[in-house]
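Okay, so here's the structure we're looking at.
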Amino acid sequence: MELQLSLVQTSALAMVLLAFGEFARRRVGFLEKFCIPAPVVGGFLFALLVLVLRQTGAAEISLDTSLQTPAMIAFFSTIGLAGSLATIKRGGKLLLVYLVACWSLAIAQNLIGMGMAKVLGVDPMLGIMAGAVSLEGGHGGAAAFGPTAEEMGVQGATTVAIASATFGLVAGSLLGGMLASFLMHWHKLKAPQKAGVREAKQPVGAGMRKLAGGGGSAGGPAVGEDLDEAIKQPGDEISNYSSLLSTATVIGIIMVVGMLLGDWIAEITGFSLPAYVGAMIIAVIFRNLNDKLKLIKINDDSVNLISQMTLGFFLTLAMMSLKIWELANLAGPLSVILLVQLVFIVLFSAFVVFRMMGKDYDAATMVAGFLGHGLGATPNALANMDAFNAKFGIRSEKAFLIVPLAGAVLIDLVALPWIVWCMNLVA
């Protein structure tokens, strides 16, 4: 028996699954502890149901996911709108240093992925899917670039990317605090009492409750209260109908121009530029021009709201349409690639990032966050830092300013073009 769901039915089901995922992650300790995004919870459960029905011969379910692409383009437009150069200036030199570490990691993850794929005799595109796409990019990046890779002829790319992102999410949550604590012990460091920190009066996990569940391209600018406060400007208004309408209009125009940019570059150079990357580039340009010329007031709350909704919707659709059975023949090579990626980021964090950031308590906190978003998502980074700081009773203000800004927004300014270039290289 074959069940075909229409566009409206598929979209309604996606919203139900998204709402269920939000409900479940608030009530299931494991989901909340590891900051598993709501779209992953609801969408993956449906994908498991589809697998069971298919393997037992009971039914095959077909979905109409036509709205996934527009929602994805809108989401990446919100990432671009958050890429203000003024934000980098507020973070100072330390933010730039941390950004260099993040960009270096994204570059290395793709090089490792492609290299290991060649050694193991699998398509290098799958190595990219198990690289910066899913690790620095999280589930959002996996859901965005997986279908693009499949359009280039690589079967199972989305499934590999989603599986890699899930592995990274859990690994990053488990290892972040452990590595930071080890560095404190190994270097005989003590938590400071004054400079750059304040007393951590909240319990572990406090302030993490409203996280959107994404990071890097998984979470965009909507990663929770810490990032909201970090980029909030004096005089910012609360989102209302008027600000939401003007912001949505700007995003709509950016989407159209971004798609035209992608088509134009492909026609002139033969280089495939996904529409969502073109939209993000246009959004970054518009945001920084607008900051100078004051053409229109951009309400960050409205941008965050649109970001959360579009991310949740498109990622749920991507998870719902996941073909889990395609992973069977790739499980072995994928496990090896991910293991090498894991070893690299741990060594890179301990011997490079920790030293770059100053070899102190703030640096150890940032290492916990670096592993969180370098393998999973920005909420995981925040949760890692929150738990690590609670252990010592001192909150690192430097880390809570720098890590969310870099991991959720600014890393994509280099990571996404790098991913696109690598995909065109091996296509």
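The values are calculated or read from the model by the stated rules, or taken from the named source; none is laboratory data. This one's a predicted model, so the numbers in the text were calculated from it and none came from an experiment. With ideal geometry, Cβ positions are generated from the backbone for all residues, glycine too; neighbour counts draw on all protein chains shown. Areas reflect the complete protein model, heavy atoms only, side chains present, ligands, DNA and RNA absent. Shrake-Rupley method; radii C 1.70, N 1.55, O 1.52, S 1.80 Å.
Quick one: order PHE75, PHE20, PHE30 from most to least accessible surface, probe 1.4 Å.
Numbers: PHE75 0, PHE20 95, PHE30 115 Å².
So the residues, ranked largest to smallest area, are PHE30, PHE20, PHE75.
Would you mind calculating the relative contact order of region 1-76 from Cα pairs under 8 angstrom and at least 6 residues apart, reporting the percent as a whole number?
Working: 67 pairs, mean separation 34.6, N = 76.
The value is 46 percent.
In terms of modelled amide H atoms, which long-range or inter-chain residues lie less than 5 Å from the amide H of ILE61?
The answer is LEU3.
Please report the carbon-and-sulfur percent of the accessible area for region 336-427; probe 1.4 Å, protein heavy atoms only, DNA, RNA and ligands left out.
Numbers: 1750 of 2450 Å².
Looking at region 336-427 in its full context, I get 71 percent from C and S.
What is region 342-420's relative contact order, in percent, from Cα pairs under 8 angstrom and six or more apart in sequence? Mind showing how you got there, number by number?
Details: 72 pairs, mean separation 19.4, N = 79.
In percent, rounded to a whole number, it is 25.
PHE23 to ILE268: FRET efficiency via 1/(1 + (r/R0)^6), r the Cβ-Cβ distance, R0 41 Å, to the nearest 0.05?
On the way: r = 48 Å, r/R0 = 1.17.
For R0 = 41 Å, the calculated efficiency reads 0.30.
Mean 1/r over all different Cα pairs, inverted: what Kirkwood radius does the chain give, in Å? Walk me through the numbers before you get to the answer.
On the way: mean 1/r = 0.0466 Å⁻¹.
About 21.4 Å, per the Kirkwood formula over Cα pairs.
Go ahead and collect, in residue order, the members of region 363-406 whose backbone nitrogen is under 15 Å from a label point 7 Å along the Cα-Cβ direction of SER181.
Answer for region 363-406: 365, 368-369, 384-394.
Would you mind giving the three semi-axes, in whole Å and largest first, of the ellipsoid equivalent to region 36-165 according to its Cα gyration tensor?
Listed largest to smallest, the semi-axes of region 36-165 are 31, 21, 13 Å.
ALA163: net charge of surrounding residues, Cβ under 12 Å, Lys/Arg +1, Asp/Glu -1, itself excluded? Please list the in-between numbers first.
Numbers: positive: LYS323; negative: GLU326.
The answer is 0.
In region 332-416, what is the volume of the convex hull around the alpha carbon atoms, normalised per residue and reported in Å³? It would help to have the intermediate numbers written out before the result.
Values: hull volume 8.5 nm³, N = 85.
Enclosed volume per residue, from the Cα hull, is 100 Å³.
Which of the residue pairs LYS190/LYS398; LYS33/LYS93; LYS89/LYS188; LYS89/LYS292; LYS33/LYS323 have a Cα-Cα distance greater than 23 Å in the structure shown? Provide the component values of the computation, followed by the final result.
Working: LYS190/LYS398 16 Å; LYS33/LYS93 32 Å; LYS89/LYS188 33 Å; LYS89/LYS292 14 Å; LYS33/LYS323 27 Å.
Result: LYS33/LYS93; LYS89/LYS188; LYS33/LYS323 exceed 23 Å.
Just from its helices, what would the mean residue ellipticity at 222 nm be for the chain, if runs of 4 or more DSSP H residues each count -39500 (n - 2.57) and the sum is divided by every residue, rounded to the nearest 500 deg cm²/dmol?
Working: 17 runs with 293 residues, N = 427.
Value at 222 nm, helices only: -23000 deg cm²/dmol.
Please compute the contact order of the chain in relative form: average sequence separation of alpha-carbon pairs under 8 Å and at least six residues apart, divided by the residue count, as a percent. Numbers along the way, then the final one.
Working: 770 pairs, mean separation 129.2, N = 427.
So the answer I get is 30 percent.
Show me the chymotrypsin sites (Phe, Trp or Tyr not before Pro) within region 277-348 that DSSP assigns to loop and that have at most 13 other Cβ atoms within 10 Å of their Cβ. All intermediate terms of the calculation are to be shown ahead of the outcome.
On the way: sites: PHE286, PHE313, PHE314, TRP325, PHE344, PHE348; in loops: none.
Loop-located and lightly packed - none at all.
Can you give the FRET efficiency to the nearest 0.05 for SER246 and SER66, using r as the Cβ-Cβ distance and R₀ = 30 Å?
Numbers: r = 27 Å, r/R0 = 0.89.
Computed FRET efficiency for SER246 and SER66 comes out at 0.65.
Figure the gain on full extension for LYS297 and LEU260 (residue separation times 0.36 nm, minus the Cα-Cα span) and round it to one decimal in nm. Show your work: numbers first, answer last.
Working: separation 37, 0.36 × 37 = 13.32 nm, distance 2.48 nm.
This chain segment gains 10.8 nm when fully extended.
Tabulate in residue order the Karplus-calculated ³J(HN,Hα) for region 111-127, using 6.51 cos²θ - 1.76 cosθ + 1.60 with θ = phi - 60°, rounded to whole Hz; enter x for Gly and Pro.
4, 5, x, 5, x, 5, 4, 5, 4, 8, x, 10, 4, x, 4, 5, x
Bin width 5 Å, alpha-carbon pairs only: give the P(r) of region 1-102 as whole percents, running from 0 to the bin holding the largest distance.
With 5 Å bins starting at 0, P(r) equals 2, 10, 12, 15, 14, 14, 12, 8, 5, 4, 2, 1, 0.
Hey, for a label at LEU51 modelled as a point 7 Å past Cα toward Cβ, could you say which residues of region 121-151 have their backbone N under 17 Å away?
Once the point is set 7 Å along Cα→Cβ of LEU51, 143 turn out to lie under 17 Å by backbone N, inside region 121-151.
Would you mind checking which residues have amide H under 5 Å from ARG395's amide H? H placed 1.01 Å from N; only 5 or more apart, or other chain.
Distant-sequence amide H within range of ARG395: ARG198, GLU199, ALA200.
Can you figure out the FRET efficiency of ILE253 with ASN329, using R₀ = 35 Å and their beta-carbon distance, to the nearest 0.05?
Values: r = 44 Å, r/R0 = 1.25.
Efficiency for this residue pair is about 0.20.
Region 32-106 to region 363-379: how many Å between their Cα centroids?
Centre-to-centre (Cα) distance: 17 Å.
Let me know the shape class of region 282-427, please: from the alpha-carbon gyration tensor, a ≥ b ≥ c as square roots of the eigenvalues, rounded when a/c is under 1.5, otherwise prolate if a/b is greater than b/c, or oblate. Display every interim value, and only then the final one.
Numbers: a/c = 1.63, a/b = 1.03, b/c = 1.58.
It is oblate, given that a/c is not under 1.5 and a/b is not larger than b/c.
With every protein chain kept in place and ligands, DNA and RNA left out, what is the accessible area per residue of region 1-132? Probe 1.4 Å, answer in Å². All intermediate terms of the calculation are to be shown ahead of the outcome.
Values: 5930 Å² over 132 residues.
Heavy-atom accessible area per residue stands at 45 Å².
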